Amino acid sequence: MTADRAGVPVKRVAVLQSNYVPWKGYFDIINDVDLFIFYDDNKYTKNDWRNRNKIKGQNGPEWMSIAVGDQTHRLICEVEIPDQAWQQKHWRSLQHNYGKCAHFARYREFFEDVYLVRRWTSLSELNQYLIRHISHAFLGITTEFQDSRQYSLSGLKQDRLIELLTQAGTTHYVSGPAARDYIDEARFEACRIDLTWKDYAGYPAYAQKFPPFEHGVSILDLLFNTGPDAPWYIWGWRTVGSVEAWR
């Protein structure tokens, strides 16, 4: 946590649902804040990023999806993974598409454990485990993680979000741009919470195995292709002029 010019503590917070091996922009938001809260006691949305993401294949982006059933009216934290057949399938897909990338071997042991050793029955538990580990171990992010279930919340929709942020001691809230459609900025101003809209523009391209270049794929693509330089391609480029200087 930092302080403003008057010495008042500043606590930057982001709140997002957990996604399956999300894209680099998700980790960019995590790096922007002091506290990142998983919002998994929220409605599960079908055909979204919660249980699937894209990787770069020879014929373009391709989906890696986890079968979680068709049940409606459940929270993300209630979504169960009924079988583990997807684990070996996803690992084979990663090996096939990234096995010859420069940094695949660097992360192989961790992902072999995720896909071949561990058995996952909860989607939220899987997503949060991957996001936390990738953030801290592979990207060097120091942000604290919490889960919204740690708080006592009673409101609905935006009221619930503001209640969560207030209980967390938030002074600055960082939100993804898609939330502009439903967030009332005046409500945040009334609660003395500064609102910042995340800008995903300007990410530099890197050498992907299969051109043409595609930004909107899982963080795994960036890790396997750039290794320890990955943070520069997410946020380092904004302050350090070149990837060589970052090193």
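The values are calculated or read from the model by the stated rules, or taken from the named source; none is laboratory data. The shown structure was predicted, so the numbers you read here are calculated from the model rather than taken from an experiment. Reconstructed Cβ throughout: ideal geometry from the backbone, glycine too, with neighbour counts over all protein chains shown. Surface accessibility is based on the protein's heavy atoms, side chains included, excluding ligands, DNA and RNA. Shrake-Rupley method; radii C 1.70, N 1.55, O 1.52, S 1.80 Å.
Listed values, structure above:
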{"quantity": "Conditions (1) open to solvent by 70 Å² or more (accessible area, probe 1.4 Å); (2) closer than 23 Å to ALA230 by Cα; (3) modelled with pLDDT under 95; number of the one not met by GLY60", "calculated": "(1)"}
{"quantity": "Hits in the stretch 98-133 (condition: among the charged types (D, E, K, R) and not in a helix (DSSP H, G or I))", "calculated": "LYS100, ARG118, ARG119"}
{"quantity": "Scope the stretch 27-50; condition under 19 Å from VAL114 (Cβ atoms) and open to solvent by 20 Å² or more (accessible area, probe 1.4 Å); matching residues", "calculated": "TRP49, ARG50"}
{"quantity": "Count - residues of the stretch 185-218 that are part of a loop (DSSP other than H, G, I, E, B), touching a helix residue (DSSP H, G or I) at 6+ places or on another chain (Cβ under 7 Å), open to solvent by less than 70 Å² (accessible area, probe 1.4 Å) and free of Cβ contacts under 8 Å to residues at least 40 places away in the same chain", "calculated": "4"}
{"quantity": "Selection from the stretch 119-153 of residues that are closer than 20 Å to GLU78 by Cβ, exposed (fewer than 15 other Cβ atoms within 10 Å of the Cβ) and of a type in the set (Val, Ile, Thr)", "calculated": "THR121"}
{"quantity": "The stretch 158-171 residues that are on the phi < 0 side of the Ramachandran plot, paired with ones that are of a type in the set (D, E, K, R) (beta carbon under 7 Å, 6 or more apart)", "calculated": "GLN158/ASP184; GLN158/ARG187; ILE162/ARG187; THR170/LYS11; THR171/LYS11; THR171/ASP194"}
{"quantity": "Among the candidates GLN158, GLN146, residue that is polar (S, T, N, Q), touching a Leu at 6+ places or on another chain (Cβ under 8 Å) and not in a loop (DSSP other than H, G, I, E, B)", "calculated": "GLN146"}
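Here is a yes/no grid of residues against (1) open to solvent by less than 60 Å² (accessible area, probe 1.4 Å); (2) not in a loop (DSSP other than H, G, I, E, B):
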position: LYS56; (1), (2): yes, yes
position: MET64; (1), (2): yes, yes
position: VAL68; (1), (2): yes, no
position: PRO82; (1), (2): no, no
position: GLN88; (1), (2): no, yes
position: ARG92; (1), (2): no, yes
position: HIS96; (1), (2): no, yes
